[in-house]
Amino acid sequence: MPIASVEFEEEAESLIRDFVLNDLHLAVYDPGLFRRPRVPVVSFDVELLEVSDDSEKLILTVAGPVVLKTEKGLWENHLRLTVPVERQQESLRIGDVAEVRAVYIVETDEVLGTCKETAALANV
């Protein structure tokens, strides 16, 4: 399946959505806390942004709004992921999970449109 096809994009987005909803350990970022416990993911609206293709694996960059279920209620933020993906015959699968990078994009100034990245992965 060519990486420039609609089928590839749909399969990649579905694979990553399922990975985020079921397997990725996300947390709510709080700069005052050292520990970020895993919280359940309610939804993730993924959009494929970039595909880097080298001979061994694909690196996909995706982003979109994510909703987490916290003790204080639902928490929404904008998640950006970089995920290694491997071709397995005619389908795709998540590569080495240790290579996954996940950050929240947080707007710091609405007028200027400035943003910062904050940690998204749980560490406990």
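The values are calculated or read from the model by the stated rules, or taken from the named source; none is laboratory data. These numbers come from a predicted model, not from an experiment. Because the Cβ atoms are built from the backbone with ideal geometry, glycine has one as well, and the counts that use them run over all protein chains shown.
Can you find a residue that is among the basic types (Lys, Arg) and in contact with a Leu (Cβ under 9 Å, 6 or more places away or on another chain) anywhere in the range 46-64? Outline the logic, then answer.
Initial filter on the range 46-64 (among the basic types (Lys, Arg)): 57.
Applying the additional criterion that residues be in contact with a Leu (Cβ under 9 Å, 6 or more places away or on another chain) yields none.
There is no residue in the range 46-64 that is among the basic types (Lys, Arg) and in contact with a Leu (Cβ under 9 Å, 6 or more places away or on another chain).
Kindly indicate whether any position in the range 25-38 is on the phi < 0 side of the Ramachandran plot and touching an Asp or Glu at 6+ places or on another chain (Cβ under 8 Å). Break it down stepwise before answering.
Initially, the range 25-38 is screened for residues on the phi < 0 side of the Ramachandran plot, giving 25-38.
From what's left, touching an Asp or Glu at 6+ places or on another chain (Cβ under 8 Å): 36.
Yes, the range 25-38 contains a residue that is on the phi < 0 side of the Ramachandran plot and touching an Asp or Glu at 6+ places or on another chain (Cβ under 8 Å).
How about the range 19-67: which of its residues are closer than 18 Å to residue 91 by Cα and of a type in the set (Gly, Ala, Ser)?
Hits for the range 19-67 are 52, 55.
Output the qualifying pairs, or none if there are none: Cβ atoms under 6 angstrom, residues six or more apart or on different chains, first residue in the range 46-67 and on the phi > 0 side of the Ramachandran plot, second residue outside any strand (DSSP E or B) and modelled with pLDDT of 90 or more.
Listed by first residue and then by second, the contacts come to 64/45; 64/46.
Can you tell me how many residues within the range 83-115 are without any contact (Cβ under 8 Å) to a residue 12 or more places away in the chain, exposed (fewer than 11 other Cβ atoms within 10 Å of the Cβ) and under 20 Å from the mean Cα position of the chain (by Cα)?
Step one: of the range 83-115, the residues without any contact (Cβ under 8 Å) to a residue 12 or more places away in the chain are 88-89, 98, 107-115.
Narrowing further to those that are exposed (fewer than 11 other Cβ atoms within 10 Å of the Cβ): 88-89, 98, 108-114.
Imposing the further condition that a residue be under 20 Å from the mean Cα position of the chain (by Cα) reduces the set to 98.
Total satisfying the criteria: 1.
Residues that are in contact with a helix residue (DSSP H, G or I) (Cβ under 6 Å, 6 or more places away or on another chain), closer than 18 Å to residue 122 by Cα and surrounded by 12 or more Cβ atoms within 10 Å (Cβ to Cβ): does the range 60-77 have at least one?
Within the range 60-77, none of the residues are in contact with a helix residue (DSSP H, G or I) (Cβ under 6 Å, 6 or more places away or on another chain), closer than 18 Å to residue 122 by Cα and surrounded by 12 or more Cβ atoms within 10 Å (Cβ to Cβ).
When residues of the range 14-45 are filtered for being buried (at least 17 other Cβ atoms within 10 Å of the Cβ) and in contact (Cβ under 8 Å) with a residue 60 or more places away in the chain, how many remain?
Initially, the range 14-45 is screened for residues buried (at least 17 other Cβ atoms within 10 Å of the Cβ), giving 15-17, 19-20, 24-29, 36, 41, 44.
If we keep only those that are in contact (Cβ under 8 Å) with a residue 60 or more places away in the chain as well, we get 15-16, 19-20, 24-27, 29, 36.
The qualifying residues number 10.
Need a quick list: strands (runs of 3 or more DSSP E) entirely within the range 51-124 having at least 3 residues that are closer than 23 Å to residue 8 by Cβ.
Numbers: elements: 58-70, 73-88, 91-94, 101-109, 114-119.
Output list reads 58-70, 73-88, 91-94.
Quick test for you: out of 60, 24, 33, pick the one residue that is more than 17 Å from the chain's Cα centre (by Cα) and either among the hydrophobic types (A, V, I, L, M, F, W, C) or closer than 18 Å to residue 96 by Cβ (or both). Spell out the reasoning first.
Values: 60 fails: more than 17 Å from the chain's Cα centre (by Cα); 24 fails: more than 17 Å from the chain's Cα centre (by Cα).
Of the residues listed, the single one that is more than 17 Å from the chain's Cα centre (by Cα) and either among the hydrophobic types (A, V, I, L, M, F, W, C) or closer than 18 Å to residue 96 by Cβ (or both) is 33.
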